[in-house]
Amino acid sequence: MENQNTPPRVAAIHDLSGFGKCSLTVALPILSAAGIETSALPTAILSTHTGGIEGYTYLDTTSEMQPFMRHWQSLDIRFDAIYSGFLGSFEQLEIVKEFFELFRQKDNLILVDPVMADNGELYKIFTPEFARGMNKVCEKADVIVPNITEAALLLGETYRPGPYSETYIDDLLKALSELGPKQIVLTGVYFTDTELGAASYDRTSGQTTCTLAPRVPGYYHGTGDVFASTLLAGLMNGFELGHSAGIAVRYTAAGIRRTCEAGSDVRFGVNFEQGIPDLLKELHLY
Ligand code: PXL
């Protein structure tokens with residue numbers, strides 16, 4: 001019998017990119033450090049992520065996904081949260097919806113990061129049809145974490161580059177919540193060129209919050225995954241949405257700053273590891 005002192009359990013549905021710090025290689029360490037037991041359902045296995053690195057290998061693991069979930073179901077495994085990210089095909093969109101149905105409980109949390117685009121462009125392996133399919137996955141979520149490009153795709157709108165007005169961000173948040181999810185966290189929000197952060201909206205409380213951090217120039221890879229994993233770590237540790245988004249902005253921005261100061265290749269991911277002690281303090285775990 002499990003007692004009260006067991007950690008919350010999350011199912012993380014993402015690819016495993018061996019090098020380049022994104023997806024599972026970010027979600028697993030952040031969630032584990034935050035005291036959360038994490039099971040991995042890999043959607044693909046790559047040598048590196050696909051963002052600006054040539055020659056990567058790609059093994060699609062779609063055929064393993066249903067056998068994984070059936071086995072987990074046969075073991076009566078329960079998840080306090082389900083967290084999906086990079087999905088590689090239409091078929092996977094269907095499988096993930098099936099996963100949500102199988103493992104949905106009254107009070108567990110489904111968080112979808114609709115990974116498919118950034119900076120006004122779809123990642124090269126995705127099509128506009130895939131974006132429409134992602135809509136249906138988002139409908140089933142409690143929380144979604146799109147960036148502004150993904151938000152525009154989900155809403156069937158044309159992408160607008162920033163800086164943004166508060167009204168535009170507010171309208172996006174409310175329109176996204178009408179797709180189904182009660183809670184929205186929008187990343188890549190900025191009102192001036194010197195700051196960047198995230199805005200959140202909780203339809204139940206009607207509360208909107210925004211947290212910004214000083215902007216570091218350059219496009220750092222994997223930051224969306226660091227952000228979403230940290231957001232979930234906050235939520236699973238009992239912090240409310242806006243507070244969790246704030247923790248995620250500060251942690252992600254600190255990782256970017258550290259990486260910039262070290263002069264590392266922006267494609268190789270951010271140094272989130274050395275910020276883990278600070279994150280644990282913010283989460284009141286240490
Ligand atoms: O971080 C998003 C992401 C996840 N997984 C893979 C990617 C990307 C973005 O390019 O290529 C494989």
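The values are calculated or read from the model by the stated rules, or taken from the named source; none is laboratory data. Bear in mind that the values here come from a model prediction, so they are computed numbers and not experimental data. Virtual Cβ from ideal backbone geometry, glycine too; neighbours counted across all protein chains shown. These area figures cover heavy atoms from the full protein model, side chains too; ligands, DNA and RNA do not enter into them. Shrake-Rupley method; radii C 1.70, N 1.55, O 1.52, S 1.80 Å.
Computed values, structure above
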item	result
Segment 9-281: relative contact order in percent, alpha carbon pairs under 8 Å with at least 6 residues between	17
For segment 121-128, 3J(HN,Hα) per residue [Karplus equation, 6.51 cos²θ - 1.76 cosθ + 1.60, θ = phi - 60°, Hz, x = Gly/Pro]	10, 5, 4, 5, 8, 9, 10, x
Ranked by how many other beta carbons lie within 10 Å on average, peptides 5-11, 40-46 from highest	40-46, 5-11
Global geometry of segment 1-78, whether rounded, prolate or oblate, following the gyration tensor of its Cα atoms and the 1.5 cut on a/c	oblate
Ranked by how many other beta carbons lie within 10 Å on average, peptides 78-84, 261-267 from highest	78-84, 261-267
Spatially near lysine pairs across the chain, Cα under 17 Å, sequence gap of 8 or more or different chains	9
Å² of accessible area per residue within the chain, as computed with a 1.4 Å probe and no ligands counted	44
Two-decimal ratio, segment 9-281, of alpha-carbon radius of gyration to 2.2 N^0.38 Å	0.92
Gyration tensor verdict on segment 1-143 (Cα atoms; rounded if a/c is under 1.5, prolate if a/b is larger than b/c, oblate otherwise)	prolate
Computed label-point distance, nm, for sites Y56 and Q105 using a 7 Å Cα→Cβ extension	3.4
Rounded, prolate or oblate (a/c below 1.5 giving rounded, otherwise prolate when a/b exceeds b/c) for segment 107-232 by Cα gyration tensor	rounded
Relative packing of peptides 118-129, 90-101, 219-230 - highest average C-beta neighbours within 10 Å first	219-230, 90-101, 118-129
